[in-house]
1. Just one of the numbered conditions (1) modelled with pLDDT of 80 or more; (2) closer than 30 Å to Gln18 by Cβ is not true of Gly102; which one?
2. Identify, please: which residue in the stretch 30-54 is under 20 Å from the mean Cα position of the chain (by Cα) and under 18 Å from Met1 (Cα atoms) and is, among those, surrounded by the most Cβ atoms within 10 Å (Cβ to Cβ)?
3. Select from the stretch 37-63 the residues that are part of a helix (DSSP H, G or I) and in contact with a Lys or Arg (Cβ under 7 Å, 6 or more places away or on another chain) and write down the one among them that is farthest from Leu8 (Cα to Cα).
4. Considering the stretch 15-29 alone, what residues qualify as being surrounded by 12 or more Cβ atoms within 10 Å (Cβ to Cβ) and in a helix (DSSP H, G or I)?
5. Checking the structure you have, find out if any residue of the stretch 44-58 is modelled with pLDDT under 90, within 30 Å of Asp125 (Cβ to Cβ) and of a type outside the set (Lys, Arg).
6. Tally time: how many residues in the stretch 16-32 are farther than 13 Å from Ala47 by Cα, at pLDDT 95 or above and among the aliphatic types (A, V, I, L, M)?
Amino acid sequence: MSLGERLLDLRKKVGLSQEEVAEKLSVSRQTVSKWETDQTVPELNNAKLLSQLYNVSYDYLISGSHIGGDVTSIEMIVDEIDWTNAWSKKYPILATYQGIHGINTYCEKISELYDTFKDEFNLDDQDTVLVLKDILYQKFKTSKKKTK
């Protein structure tokens, strides 16, 4: 789906006319029409206003990725995200830890712990990850408090 098609679809879903959108964004109705027919694209500030008007993320508006303005919409694409790559920009260790000598031993141990935990508590994969992540986070918070 093109940007124009997405804009048309979103406008219809919220029940606005081209005139109403134009008025809200302080542009002409013809401008809105040109966006919706892919003759032109909105400037960045207008794209931001459109994403707010239609309650979708800027990413969805521009690229069609299913990230919406709420957590429910985000859950739709959670499996498509490469979390290691996404978080490695903030935490570079995530991009490099695989190369640490001896790390594979710990990867195997954690995988075994994961399987044992999942089986013992009869959890599905998602719940297993969430609970183990929470346990690790609680440990992290406790350790962080001790160092202060």
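The values are calculated or read from the model by the stated rules, or taken from the named source; none is laboratory data. Note that the structure is predicted; figures quoted are calculated from it, not measured. For neighbour counting, all protein chains shown are included, and Cβ atoms are generated from backbone atoms with ideal geometry for every residue, glycine included.
1. Evaluating Gly102 over (1) modelled with pLDDT of 80 or more; (2) closer than 30 Å to Gln18 by Cβ leaves (2) as the failure.
2. Result: Leu50.
3. Within the stretch 37-63, the subset part of a helix (DSSP H, G or I) is 44-53, 58-63.
Subsequent filtering for residues that are in contact with a Lys or Arg (Cβ under 7 Å, 6 or more places away or on another chain) retains 53, 58, 61.
Numbers: Leu53: 13, Tyr58: 15, Leu61: 11 Å.
Ranking the candidates gives Tyr58 first.
4. Gln18, Glu20, Val21, Ala22, Glu23, Lys24, Leu25, Arg29
5. yes
6. Total satisfying the criteria: 0.
Here's the yes/no breakdown for (1) in contact with a Leu (Cβ under 9 Å, 6 or more places away or on another chain); (2) surrounded by 10 or more Cβ atoms within 10 Å (Cβ to Cβ); (3) in a helix (DSSP H, G or I); (4) at pLDDT below 95:
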site	(1), (2), (3), (4)
Ser73	no, yes, yes, yes
Thr84	yes, yes, yes, yes
Lys90	no, no, no, yes
Thr116	no, yes, yes, no
Asn122	no, no, no, no
Lys139	no, yes, yes, yes
